[in-house]
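Chemist: First the structure, then my questions, so here it is.
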Amino acid sequence: MDKLRAMEVFVRIVDVGSLTAAADALDMSVPSVVRSLAALERAVGVRLMNRTTRRSSLSDEGREYYERCKRVLAEVEDADAALFARRAEPKGRLRLTAPVMYGRLHVAPVLGEFMAKYPALEVELLLLDRVVDLVEEGIDAGLRIGQLPESTLVAVPVGETRRVICAAPSYLKRAGTPEVPADLTAHATIAFTGLTPASEWSFAGKPSVRIPIHPTLRTNQFDVAIDACLRGLGLGQFLCYQVNTLLEAGKLKRVLGVFEPAPSPIHVVYPHARLLSPNVRAFVDFAVARLRAR
């Protein structure tokens, strides 16, 4: 007996409601459908369906086995689709999204290599500092920074980043360096609302420590906030990758490092694994290792 085929026949009988309808759907004779079901019942050792001359209904064991068979058949379909996707040449349109600066610094260079490898692709990269609903907005895959809520998205980790507080050396020389989070109440602050919408900054602790801030400047553009910090207008909180070059160059100084909260994860996300398109699969396979390396 071909057990997978017998499972398929059994699931189809349940789905369409009768042996005759299942035979029509599968292009089989009714006796063949009956023999397939009987062979499956002998193999598993239980009666899956209660049959009379007028109707058939699932037994209790059959109901549980039906759900398991559906999952097994779906996994087989996924495996076949995955192999097809890996063989198929990516082509056509691919829409991606990422946070603005992370996209500029890390996604765009990787995407350049990817497009050179797959010249038949037409790629659209949307750089947005907001959470995009991939399904609703027709996005194939995206980069997310931060803890992910429960969802049907598939998430592949590629790294992590920290929230850091920094200021220009000129500001720290003039106003002093905060030693503990509570010192922030005496300092000028720059608020980048794309990172922290509320007027408070969080620090490590159990529970976490939240310090209210009263920004001298509030902006939804990180480059404006960074420029204000460089000009010595106050302390700012950013994700590490946004200011790493400036920290290394000494143009900004990191403060309160021992109080920084746990790092935020970075993931590649896409809507679901079933019947994944060759374009998305190729991007995920190509990008994940390179983003991890970066």
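Chemist: If Val209 passes every condition in (1) touching a residue at least 40 places away in the same chain (Cβ under 8 Å); (2) among the β-branched types (Val, Ile, Thr); (3) out of contact with any Phe, Trp or Tyr (no Cβ under 8 Å at 6 or more places or on another chain) but one, which one does it miss?
Modeler: The number of the failed condition is (3).
Chemist: Of these, Asp129, Asp78, which one is within 29 Å of Gln147 (Cα to Cα), buried (at least 16 other Cβ atoms within 10 Å of the Cβ) and either assigned by TED's automatic domain parsing to the domain that holds Phe10 or modelled with pLDDT under 90 (or both)? Break it down stepwise before answering.
Modeler: Values: Asp78 fails: buried (at least 16 other Cβ atoms within 10 Å of the Cβ).
Sole residue among the options that is within 29 Å of Gln147 (Cα to Cα), buried (at least 16 other Cβ atoms within 10 Å of the Cβ) and either assigned by TED's automatic domain parsing to the domain that holds Phe10 or modelled with pLDDT under 90 (or both): Asp129.
Chemist: Given (1) over 25 Å from Leu105 (Cα atoms); (2) at pLDDT 95 or above, identify the lone condition not met by Leu230.
Modeler: (1)
Chemist: Can I ask one more? Hey, any hits in the range 109-121 for a residue that's within 19 Å of the chain's Cα centre (by Cα) and either over 17 Å from Val288 (Cα atoms) or part of a helix (DSSP H, G or I) (or both)?
Modeler: Start the filter on the range 109-121 by keeping residues that are within 19 Å of the chain's Cα centre (by Cα), which leaves 110-111.
Cutting the leftovers down to either over 17 Å from Val288 (Cα atoms) or part of a helix (DSSP H, G or I) (or both) gives us 110-111.
Checked against the condition, which is being within 19 Å of the chain's Cα centre (by Cα) and either over 17 Å from Val288 (Cα atoms) or part of a helix (DSSP H, G or I) (or both), the range 109-121 yields at least one hit.
Chemist: So, Ala191, is that one out of contact with any Gly (no Cβ under 7 Å at 6 or more places or on another chain), of a type outside the set (Ser, Thr, Tyr) and more than 21 Å from Val268 (Cβ to Cβ) or not?
Modeler: Numbers: out of contact with any Gly (no Cβ under 7 Å at 6 or more places or on another chain): yes; of a type outside the set (Ser, Thr, Tyr): yes; more than 21 Å from Val268 (Cβ to Cβ): yes.
So Ala191 fits the description; yes.
Chemist: Read through the list (1) assigned to a loop (DSSP other than H, G, I, E, B); (2) out of contact with any strand residue (DSSP E or B) (no Cβ under 6 Å at 6 or more places or on another chain), then give the number of the only condition that Pro261 fails.
Modeler: (2)
Chemist: On to the next question. Does Val164 count as aliphatic (A, V, I, L, M), touching a residue at least 60 places away in the same chain (Cβ under 8 Å) and either crowded, with 18+ Cβ neighbours inside 10 Å or touching a Gly at 6+ places or on another chain (Cβ under 8 Å) (or both)? Break it down into steps so the answer makes sense when it comes.
Modeler: Values: aliphatic (A, V, I, L, M): yes; touching a residue at least 60 places away in the same chain (Cβ under 8 Å): yes; either crowded, with 18+ Cβ neighbours inside 10 Å or touching a Gly at 6+ places or on another chain (Cβ under 8 Å) (or both): yes.
In short, yes.
Chemist: While we're on this one: How about the range 172-211: which of its residues are surrounded by 13 or more Cβ atoms within 10 Å (Cβ to Cβ), of a type in the set (Ser, Thr, Tyr) and out of contact with any Leu (no Cβ under 7 Å at 6 or more places or on another chain)?
Modeler: Across the range 172-211, the qualifying residues are Thr177, Thr193, Thr196, Ser199, Ser202.
Chemist: Identify, from the list Ser202, Ser151, the residue that is of a type outside the set (A, V, I, L, M), on the phi < 0 side of the Ramachandran plot and in the same structural domain as Val243 (by TED's automatic domain parsing). So that I can check it myself, show each step before the final result.
Modeler: Numbers: Ser151 fails: in the same structural domain as Val243 (by TED's automatic domain parsing).
Answer to the selection: Ser202.
Chemist: Now, a different point. Counting just the residues of the range 6-46 that are surrounded by 14 or more Cβ atoms within 10 Å (Cβ to Cβ) and basic (Lys, Arg), which one comes out farthest from Arg71 (Cα to Cα)?
Modeler: Arg35
Chemist: Give the number of residues within the range 196-212 that are at pLDDT 90 or above and in contact with a His (Cβ under 9 Å, 6 or more places away or on another chain).
Modeler: Result for the range 196-212: 0.
Chemist: Something else about it: Keeping to the range 226-250, report how many residues are surrounded by fewer than 16 Cβ atoms within 10 Å (Cβ to Cβ) and either among the β-branched types (Val, Ile, Thr) or assigned to a loop (DSSP other than H, G, I, E, B) (or both).
Modeler: So the count comes out to 4.
Chemist: Can you name the number of the only condition in (1) modelled with pLDDT of 95 or more; (2) in the same structural domain as Gly234 (by TED's automatic domain parsing) that Ala186 fails?
Modeler: That leaves (1) as the condition not met.
Chemist: Ok, one more. Check every one of the strands (runs of 3 or more DSSP E) wholly within the range 132-225 and list those with 1 or more residues that are of a type in the set (A, V, I, L, M).
Modeler: Numbers: elements: 141-145, 154-161, 163-167, 189-192, 200-203, 209-212, 217-219.
Once the strands (runs of 3 or more DSSP E) in the range 132-225 are filtered for at least 1 residues that are of a type in the set (A, V, I, L, M), what remains is 141-145, 154-161, 163-167, 189-192, 209-212, 217-219.
Chemist: Given the condition in contact (Cβ under 8 Å) with a residue 40 or more places away in the chain, out of contact with any strand residue (DSSP E or B) (no Cβ under 6 Å at 6 or more places or on another chain), farther than 20 Å from Tyr270 by Cα and hydrophobic (A, V, I, L, M, F, W, C), answer yes or no: does some residue in the range 76-85 qualify?
Modeler: yes
Chemist: Return the total of residues in the range 265-278 being at pLDDT 90 or above and crowded, with 17+ Cβ neighbours inside 10 Å.
Modeler: First pass over the range 265-278, keeping only residues at pLDDT 90 or above: 265-270.
Still in the running and crowded, with 17+ Cβ neighbours inside 10 Å: 266-270.
Counting residues in the range 265-278 that are at pLDDT 90 or above and crowded, with 17+ Cβ neighbours inside 10 Å gives 5.
Chemist: Name every residue in the range 89-146 that is under 25 Å from Val224 (Cα atoms) and of a type in the set (Asp, Glu), in order of residue number.
Modeler: Residue satisfying the conditions is Asp129 alone.
The values are calculated or read from the model by the stated rules, or taken from the named source; none is laboratory data. All of these numbers come straight from a predicted model, not from anything done at the bench. Cβ atoms come from the backbone with ideal geometry, glycine included; neighbour counts cover every protein chain shown.
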